[in-house]
Amino acid sequence: MKTMINFVEELQWRGMIHNVMPGVDELLQKEMISAYVGIDPTADSLHIGHLVGVMMLRHLQKAGHRPIALVGGATGMIGDPSMKSAERNLLDEATLRHNQECIKKQLGKFLDFESQEPNAAILVNNYDWMKDYTFLTFIRDIGKHITVNYMMAKDSVKKRLSSDSGVGMSFTEFSYQLLQGYDFLYLNRNYGCKLQMGGSDQWGNITTGTELIRRIDGNEAFGMTCPLITKADGGKFGKTESGNVWLDAERTSPYAFYQFWLNVSDDDAAKYIKIFTTLTREEIAALEAKQAATPHLRPLQKRLAEEITILVHGEEELRAAEEASQILFGQGTSEMLHHLKPATILDVFGGVPQFKISKDAMANGVKVIDLLTEMAPVFKSKGELRKLIQSGGISINKEKIDSIDAAVSAEDLLNGSYIVAQKGKKNYFLLIAE
């Protein structure tokens, strides 16, 4: 079968290949193949650190091949030692199943699971084939084919054993590469899967799988890894002050998600737009030319933020995020403000002074002058506030206050909890009614 695009070539120009075994390109050109990426189910949402592997699967499917997303229900109970200095908490089956369902919904935005074509995406969970596999059977059938010397030579193992932390490595984690290797063997036997993909830290685990397949069944199997994504300044990609940037709107609001991509550096935007979108080489070249000509307009960041926010949250949430972004810069309206969800209000005004006020006291109405001096000490004196109101310098929820006797009540609370006070064009204050 002839594919629409050359998968390896496509990933290469996008900067998404770190290591690839010889023969992968030829295999992909020759036939439709199945390839898989493992996903850790230790949370009920993916975060943007997962997206490189997911985008590899997306490009694979666009190239006419079949993507397999493997949720590591069994391996998630153990923990991968790669690039980690300590063991993780182990999860119970009910939690893992819940996480799997949530992850599948998110993957459905990137991969087509419903297609009638032979390359429809598949989701599998390694717990399904590991749960009834006894320890004795596993070490007899699988363990005997890989030597301890081979396993000790892996970088992830050597790094942990030579670390100064004194933590060492349990047998549980040491056995991880055998379990991941068996996943590949199982998928090769049952789904004809010939390629495993993952981050560059997975190379040792991937090659253990190819070795198992070769030694036990005599079949060909291949591996490919992508670089671990970093920021131009050396900081960790996908981390903010509040932690991971999640795909779940409850964990990271669409506004905060959009802002993350909008605020990346020029160097990072040029790299990320190739990795996290499916824009063509020509479209990206045109955007890079615009960026060079008008860097202050940030066309790369804007298009990157648009593309990935639509993919993850949809067009409606993108528009809402764009509107919310305008609010702090004086272009927002009262109507826009009233449309914001509670999480978005807290994100938009996260960096402005905040004051707690009594929701009960708001019930019968309160004068703006009293609200902004006595209930919330935004202003030190009523005299100063009166002058500002008379000169048109005070707004409540984006509406100018034109009288020193103006009052607000519980009905004016945004989402029943918030009031946004504004002094001049750029000074905002968030009042939170409790």
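Computed from the coordinates by the stated procedures, all read-outs in this text should not be read as laboratory data. Predicted model only: the values in this text are computed from it and were never measured. Positions of Cβ are backbone-derived with ideal geometry, glycine not excepted, and every protein chain shown enters the neighbour counts.
List of remarks:
- Residues in the stretch 366-379 carry Karplus couplings, in order, of 8, 5, 4, 4, 6, 4, 8, 10, 8, 6, 10, x, 5, 10 Hz; the curve used is 6.51 cos²θ - 1.76 cosθ + 1.60 with θ = phi - 60°, and Gly or Pro positions show x.
- In the stretch 213-319 the Cα-Cα distances spread across 10 Å bins starting at 0 as 13, 38, 29, 10, 8, 1 percent of all pairs.
- Counted charge near Met362, where neighbours are those whose Cβ lies closer than 15 Å (Asp, Glu -1; Lys, Arg +1): -3
- Among 307-315, 174-182, the peptide with the highest mean count of other Cβ atoms within 10 Å heads the list, and the full ranking is 174-182, 307-315.
- The stretch 119-273, relative contact order [Cα under 8 Å, separation at least 6], %: 16
- Between the helical axis of 176-191 and the longest alpha-carbon principal axis of the chain there is an angle of about 80 degrees.
- Residue among Leu107, Ala43, Trp13 farthest towards the positive dipole end of the chain, charges placed on Cβ: Trp13
- Take the Cβ atoms of Ser163 and Leu328, set R0 to 60 Å, and the FRET efficiency comes out at 0.85.
- Highest average first, the peptides 21-28, 35-42 ordered by how many other beta carbon atoms sit within 10 Å of their residues are 35-42, 21-28.
- Remark: spin-label model distance Lys426-Ser200 equals 4.1 nm, labels positioned 7 Å along the Cα→Cβ axis.
- For the chain, the relative contact order comes to 14 percent (Cα pairs under 8 Å, sequence separation of at least 6).
- Taking label positions 7 Å along the Cα-Cβ direction at both Lys109 and Asp267, the computed distance is 2.9 nm, reported to one decimal.
- Between 0 and 90°, nearest 10: helix 281-293 axis offset from the chain longest Cα axis: 40
- Calculated from backbone phi, Karplus (6.51, -1.76, 1.60) coupling profile of the stretch 355-362 in Hz, x at Gly/Pro: 9, 8, 10, 8, 5, 4, 5, 7
- Mean Cβ count within 10 Å, highest first, over the residues of peptides 280-286, 255-261: 255-261, 280-286
- Using the Cβ-Cβ distance between Glu434 and Lys236 with R0 set to 35 Å, the FRET efficiency works out to roughly 0.50.
- Charge tally around Ser417: other residues with Cβ under 15 Å, Lys/Arg +1 each, Asp/Glu -1 each, net -2.
- Most mobile listed residue (Gly198, Gly49, Gly218) in the chain, GNM with C-alpha springs under 10 Å: Gly218
- Virtual paramagnetic centre 7 Å along Cα→Cβ of Glu101, amide N under 15 Å, in the stretch 18-46: 44-45
- In order along the stretch 313-321, phi translates into HN-Hα couplings of 10, x, 5, 4, 5, 4, 4, 4, 5 Hz, rounded to whole numbers, per the Karplus curve 6.51 cos²θ - 1.76 cosθ + 1.60 with θ = phi - 60° and x for Gly and Pro.
- Mean ellipticity per residue at 222 nm, deg cm²/dmol - from DSSP H runs of n ≥ 4 across the chain, formula -39500 (n - 2.57): -12000 deg cm²/dmol
- Between Leu297 and Ala94, the modelled labels are 5.6 nm apart [label points 7 Å from Cα along Cα→Cβ].
- Each part reduced to its alpha carbon centroid, the stretch 204-246 and the stretch 312-349 end up 36 Å apart.
- The overall shape of the stretch 346-434, judged from the alpha-carbon gyration tensor, is oblate: a/c is not under 1.5, and a/b is no greater than b/c.
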